[in-house]
Amino acid sequence: MTTTPEQPERPRPASPSRRTLLGGAAVLTGAALGGAVAGHAAARSGVAVDGPPAGTATAATTFGAQTVAFHGEHQAGIATPQQAHGMFIGLDLRPGANRARLAGMLQVLSDDAARLTQGRAPLAALEGDTAATPSRLTVTFGFGPGLFTAAGRAAACPAVIASFPTFTTDRLEKAWGQSDLLLQVCADDPVTMSYAARRLVRDAAPFTTVRWTQAGFVNARGTEADGTTARNLMGMRDGTANERDPAQVDQVLWNRDPALPWLNGGSQLVLRRIRIDLPTWDDVEPEAKEISFGRRLADGSPLTGHHEFDVLDRHARDATGFLIVEPNAHAARAQARSGAERMIRRAYNYDDGFRPDGTADTGLLFAAYQADLATAFVPVQRRLAASDALNTWTTHVGSAVYAVPPGAPEGSYVGATLVA
Amino acid sequence: MRTSHRFTRTTATATGLALALTLSACGGSSTPAATTPAATASSNASTGATATTSTVTVSDAWAKAMPDLSTSRMTAVFGVVTNTGTQPVTVTGATTSASPMTELHETVVVNGEKAMRKVEGGFTLQPGAKRELKPGGDHIMVMGLTSPVPVGQKVKVTLALSDGTTTEFDAVAKPFSAADERYDHGSGHGGHGGTGTKSMAPTPTDSATPAPLATSH
């Protein structure tokens, strides 16, 4: 595959423009460079190339090596820019769990997470190739009421989590209900995420059984520019209203309850499985969709604004005096009425395939983090249950809430502030 | 296999030390925790000393959890052993908090199958060298467990070194269920615990051609 200008050879079966490029050029070696030249030549000659030519992907365009720190004041996977894939695993403790056993379990799982998120195989894994592309893997632990009871620390469970309300529109199925422990495993790469989840559940197996797995996705990395708000399966940009200023994000997320000092640096999570009737939604005219949502499909901009991040004005009226956004539009009903109602939404779409009749089991894994469920998700969901245009197509079929412990410093483990 | 022969390149004192540990291990139910200082040991070393500053470090240490001792009272410790010093050093023995009997083991291939056996003379590390103790390879064998080792428990391990120092580390117990190799020793210790009998190497059907790995699931 080597050519030099001094060595004219018989014509190769390459395009003439490739040879033009080669004339007087440096020696070519290797298929990769040849591929690059072929692709470049194809482009010069106007031939359509599907995607980048083979061999042109460089380290700069791959994301597998990127990591998110595991240790720190806060657990990762909360304020972390959302990864393309997310898996929520609800675990229940086997009988016989106690504080000491929980400490042992959490130490092992934290160590696994600390290694996996940095691209290393966990201890006792026989090889580390799958772990070597961490792809911004995060592992986030959540504690349900049962874990506090098993640890003998029921008083340390936030009251709203120990006793979480139901809502009038709920159609909750026990299969998707509260678990003692949650693992939230997210990564830009689904193979990485699957491997990490498997290793974690394997090491949790002596202590837990799996109640449910809820796996989801947003747009693949690279479909749009990094940072673009992902679309949900209804076609809407999902998460636009999240605070983006880090100082405001901190205000929204981290525990401020002085009665729960073990939770300082931690948060609270609500995970709602929202089934969406997409076939019916697909038949709704785009204008009606936008009216129901309060935002435009194309770019997520509110109907009262021009750009995605313009704040939706629920009170804005048009020239004839009518409200621009319907009062029951989802974005209007969901909008925080005070700072305390804010959440950081980290929802994942789910698509669990087709039923025999051709309808799909699809929806949204609505995961939202906040300092206090009682002042954020609960009043917002009450408002949505009372009235929300999207209720026509959405049904909450699963619900689980968790206290999310603070981050672990180096040398320690997540949950140490509760069970150590 | 001549694997064990590479460990004989040690000082005579270390060899004698290893033999002393071997004899006491085979003969009785307890292994002395103390190490006999080698002739070149630092003046700070003494019988039963806790770790002086050792040039040998151990990282990524873990032990196979044994929450149930009804089928086996053995476990193993793994990790990466590094000689950070400027002289070769031999790991001559080990003791743990989990049992009175600990040996250094290597994995060899016997009749086409992997098998484990005690290493005579210990593991020698050149300056700067790392040796990975891992399933299917060299490891620290812990026998006669006195109580279960649940997942998450820390097993305290002390390595005895040929320079008279010791090095201590914690090995966290983890679930591990991959096939255990056959234990190859004439002393009648018997096979290792473990539920699988899956061989890690293909079993040859004749001497020339190994059979393909069975895909049994």
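The values are calculated or read from the model by the stated rules, or taken from the named source; none is laboratory data. None of the values given here were measured: they were computed from a predicted structure. Here the Cβ positions follow ideal geometry from the backbone for every residue, glycine too, while neighbour counts run over all protein chains shown.
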query = Out of all the residues in the stretch A:148-156, is one or more surrounded by 19 or more Cβ atoms within 10 Å (Cβ to Cβ), among the aromatic types (Phe, Trp, Tyr) and within 23 Å of the chain's Cα centre (by Cα)?
reply = no
request  = Go through the stretch A:292-316 and count every residue that is among the hydrophobic types (A, V, I, L, M, F, W, C) and crowded, with 18+ Cβ neighbours inside 10 Å.
outcome  = 3
query = Which residues, counting only those in the stretch B:82-95, are surrounded by fewer than 24 Cβ atoms within 10 Å (Cβ to Cβ) and among the β-branched types (Val, Ile, Thr)?
reply = B:Thr82, B:Thr84, B:Thr86
inquiry  = If I filter the stretch B:120-127 for residues that are within 13 Å of the chain's Cα centre (by Cα), touching a residue at least 40 places away in the same chain (Cβ under 8 Å) and farther than 15 Å from B:Val89 by Cβ, do I get at least one hit?
reply    = yes
message = I'm trying to understand the selection: among the residues of the stretch A:274-291, which are surrounded by fewer than 16 Cβ atoms within 10 Å (Cβ to Cβ), within 11 Å of A:Trp393 (Cα to Cα) and among the hydrophobic types (A, V, I, L, M, F, W, C)?
response = A:Val284
ask   = Could you list, in sequence order, the residues of the stretch B:128-151 that are free of Cβ contacts under 8 Å to residues at least 60 places away in the same chain and crowded, with 23+ Cβ neighbours inside 10 Å?
value = B:Leu133
message = Return the residues of the stretch A:405-420 that are touching a Pro at 6+ places or on another chain (Cβ under 9 Å) and either assigned to a helix (DSSP H, G or I) or of a type in the set (Asp, Glu) (or both); say none if nothing qualifies.
response = A:Ala416, A:Thr417, A:Leu418
message = Checking the structure you have, find out if any residue of the stretch A:99-106 is surrounded by fewer than 21 Cβ atoms within 10 Å (Cβ to Cβ), of a type in the set (D, E, K, R) and within 23 Å of the chain's Cα centre (by Cα).
response = no
message = Being assigned to a strand (DSSP E or B) and small (Gly, Ala, Ser) is the filter here; which residues of the stretch A:193-225 pass it?
response = A:Ala215, A:Gly216
request  = Within the stretch B:124-146, track down each residue that is within 14 Å of chain A (Cβ to nearest Cβ) and in a loop (DSSP other than H, G, I, E, B).
outcome  = B:Lys134, B:Pro135, B:Gly136, B:Gly137
key: Flag if A:Leu297 is of a type in the set (A, V, I, L, M), more than 26 Å from the chain's Cα centre (by Cα) and modelled with pLDDT under 95   = no
query = In the list A:Gly407, A:Gly415, which residue meets the criterion of being surrounded by fewer than 22 Cβ atoms within 10 Å (Cβ to Cβ) and not charged (D, E, K, R)?
reply = A:Gly407
ask   = So how many residues does the stretch A:185-198 have that are surrounded by fewer than 24 Cβ atoms within 10 Å (Cβ to Cβ) and either over 13 Å from the mean Cα position of the chain (by Cα) or within 22 Å of A:Ala150 (Cβ to Cβ) (or both)?
value = 5
A:Thr229 being in contact with a strand residue (DSSP E or B) (Cβ under 6 Å, 6 or more places away or on another chain), modelled with pLDDT under 95, away from every other protein chain (no Cβ under 14 Å) and not in a helix (DSSP H, G or I) = yes
ask   = Among the residues of the stretch A:311-351, which ones are in a loop (DSSP other than H, G, I, E, B) and touching a strand residue (DSSP E or B) at 6+ places or on another chain (Cβ under 6 Å)?
value = A:Leu312, A:Met343, A:Arg346, A:Ala347
Test: residue in the stretch A:273-286 that is closer than 29 Å to A:Ala403 by Cα and of a type outside the set (A, V, I, L, M) = yes
ask   = Out of all the residues in the stretch A:260-272, is one or more exposed (fewer than 13 other Cβ atoms within 10 Å of the Cβ) and within 24 Å of A:Ala371 (Cα to Cα)?
value = yes
query = Has the stretch A:77-97 got at least one residue that is surrounded by fewer than 18 Cβ atoms within 10 Å (Cβ to Cβ), away from chain B (no Cβ under 14 Å) and among the polar types (S, T, N, Q)?
reply = yes
query = Which of the residues belonging to the stretch A:240-259 are buried (at least 18 other Cβ atoms within 10 Å of the Cβ) and modelled with pLDDT of 95 or more?
reply = A:Val252, A:Leu253, A:Trp254, A:Asn255
key: Sole residue being farther than 28 Å from A:Ser110 by Cα and either touching a residue at least 24 places away in the same chain (Cβ under 8 Å) or not hydrophobic (A, V, I, L, M, F, W, C) (or both), chosen from A:Ala374, A:Ala416, A:Ala403   = A:Ala374
ask   = What residue, among those in the stretch B:61-78 that are more than 10 Å from chain A (Cβ to nearest Cβ) and either charged (D, E, K, R) or in contact with a Cys (Cβ under 6 Å, 6 or more places away or on another chain) (or both), is nearest to B:His105 (Cα to Cα)?
value = B:Arg73
ask   = Quick check: is even one residue across the stretch B:153-174 assigned to a loop (DSSP other than H, G, I, E, B), away from chain A (no Cβ under 11 Å) and surrounded by fewer than 17 Cβ atoms within 10 Å (Cβ to Cβ)?
value = no
inquiry  = Could you go through the stretch A:396-404 and let me know if any residue there is assigned to a loop (DSSP other than H, G, I, E, B), under 25 Å from the mean Cα position of the chain (by Cα) and within 30 Å of A:His74 (Cβ to Cβ).
reply    = no
ask   = Among the residues of the stretch B:142-149, is any within 16 Å of B:Ala65 (Cβ to Cβ) and of a type in the set (Gly, Ala, Ser)?
value = yes
task = State all residues of the stretch A:111-160 that are acidic (Asp, Glu) and either more than 14 Å from chain B (Cβ to nearest Cβ) or over 30 Å from B:Gly137 (Cβ atoms) (or both); if no residue qualifies, say none.
result = A:Asp129
